[in-house]
Amino acid sequence: MSIQHHPTDDTLLRFAAGALNAGLTLVTEAHLHVCAQCRARLGEFEATGGALLDEQPPAALAPTAFADVLARLDGPAVAVRPPVPPANSDMPAVLAGCEIGRWWWLGRGIRYSQVRLPWAPEANVMLLRVAANRAVFPHTHAAHELTQILRGGYSDCTGTYGPGDMADADDTLLHQPWADAEGCLCLAALEGPMRLDGWLGRWQRRLGLY
Amino acid sequence: MALPGALLTPVESTAPLDAAAQARLIGLVALNQDRQAFALLFKHFAPRLKSFHLRAGLSDAAAEELAQETMILLWRKAARFDPACAGAATWVFTITRNLRTDHARRRIQAEVEALPEADPAASAEAIYMSGERAEMMRGALAALSTEQRRVIELSFFADTPHAAIATALHLPLGTVKSRIRLALARLRDALGAEP
């Protein structure tokens with residue numbers, strides 16, 4: 001897998017600092033899972049966090065802090081549940097534990113499925129399937145959007161994306177992705193709601209899909 | 001009955017633990033559930049963890065609780081620490097970050113602990129290397145300009161998008177982004193990493 005498109009430094013730094021929302025975190029993890037280069041970059045940012053932690057001036061703890069911690073060491077372990085395999089073996093490992101909703105028709109050759117994160121039910125995460133040589137309607141985004149290509153690929157004004165690539169877009173991008181000859185399956189998360197421009201968007205909004 | 005750790009209470013003040021010592025002590029906790037080693041780690045990390053969270057704007061009580069919970073997870077997850085992958089302070093940072101982030105915390109409850117345990121007897125070389133890397137990072141941070149350091153700290157301490165950092169510093173967003181980019185480039189150069 002030759003990965004050409006990666007999350008920006010901003011995105012990885014926010015991931016390292018724990019400042020990305022649950023949905024963006026999940027999609028970033030899907031990329032990190034397949035991209036050693038980004039795992040190394042993330043390692044540097046986390047090491048920055050580690051160095052900042054290590055050089056903090058010590059703060060005064062509660063007088064009983066150490067005794068309290070000792071008393072809790074042997075308490076109930078963190079709950080470990082058996083691994084839940086993703087519903088579909090095509091799906092990346094990071095979707096383990098997620099609930100993949102039914103597939104909705106969203107236009108010619110386009111289907112999407114809402115992904116529910118039990119640990120963050122408010123997260124806006126979706127799987128999007130675009131049939132071969134189909135285009136998604138032009139759209140912009142209200143805020144930060146991350147899209148990880150799981151299978152196939154697409155092209156838009158910013159380049160050609162294949163399996164393993166991540167599109168890291170903000171609210172300045174207006175794009176119309178075209179799926180390649182294989183079609184495209186991707187995992188996307190939004191910081192804000194996606195805005196569909198044009199009649200289909202209005203129709204979707206009326207149906208309450210967005 | 002006396003508290004099990006009464007004799008270990010880490011009150012006397014000594015020099016902070018260096019990175020290699022931190023890694024060795026975590027190894028002892030993993031290998032022997034060594035409470036003496038844990039006491040030394042507690043003494044080093046717990047007050048710094050609390051300080052870190054206070055700086056991020058948490059209340060005294062919340063920062064104290066996060067510091068304590070982080071130390072408890074350090075004890076329980078010690079076998080997963082691999083000095084070949086990350087320095088000890090970096091590993092502790094990721095634990096506490098995940099506890100602070102609400103969605104990550106809830107996920108820990110349902111976490112699929114599928115990762116293999118690290119080799120409990122980490123090689124002396126891995127511990128040494130992890131200490132060296134931590135030293136390089138410390139040096140790289142110290143070499144940043146005041147402005148660059150400020151944006152990096154705000155990225156970690158203020159749980160906010162860069163637009164909010166820009167507002168806090170009364171700077172245009174573009175300036176904040178380019179400062180962060182420059183600071184990251186300098187850290188990367190100092191670590192001798194690939195661009």
Neighbourhood charge, 11 Å Cβ-Cβ cut-off, centred on B:ARG181 and excluding it, Lys, Arg +1 and Asp, Glu -1: +2
Förster radius 41 Å - calculated FRET efficiency between A:TRP104 and A:THR158, Cβ distance, rounded to 0.05: 0.95
Residue-averaged beta-carbon neighbours from other chains (10 angstrom radius) around B:96-104: 5
Positive-end residue of B:ILE72, B:HIS53, B:CYS85, charge dipole of segment B:15-123 with Cβ unit charges: B:HIS53
Neighbourhood charge, 14 Å Cβ-Cβ cut-off, centred on B:THR146 and excluding it, Lys, Arg +1 and Asp, Glu -1: +2
Label-to-label distance, nm, for residues given as A:ARG39 and A:ALA93 (7 Å Cα→Cβ offset): 0.8
Surrounding net charge for B:MET129, when Lys and Arg each add one and Asp and Glu each subtract one, Cβ distance under 12 Å: -3
Inter-chain Cβ neighbour average for residues B:40-53, partner chain, 10 Å: 5
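Each reported figure results from applying straightforward, stated rules to the coordinates on display, with no laboratory input. These numbers come from a predicted model, not from an experiment. So basically every Cβ, Gly included, is an ideal-geometry build from the backbone, and we count neighbours across all protein chains shown.
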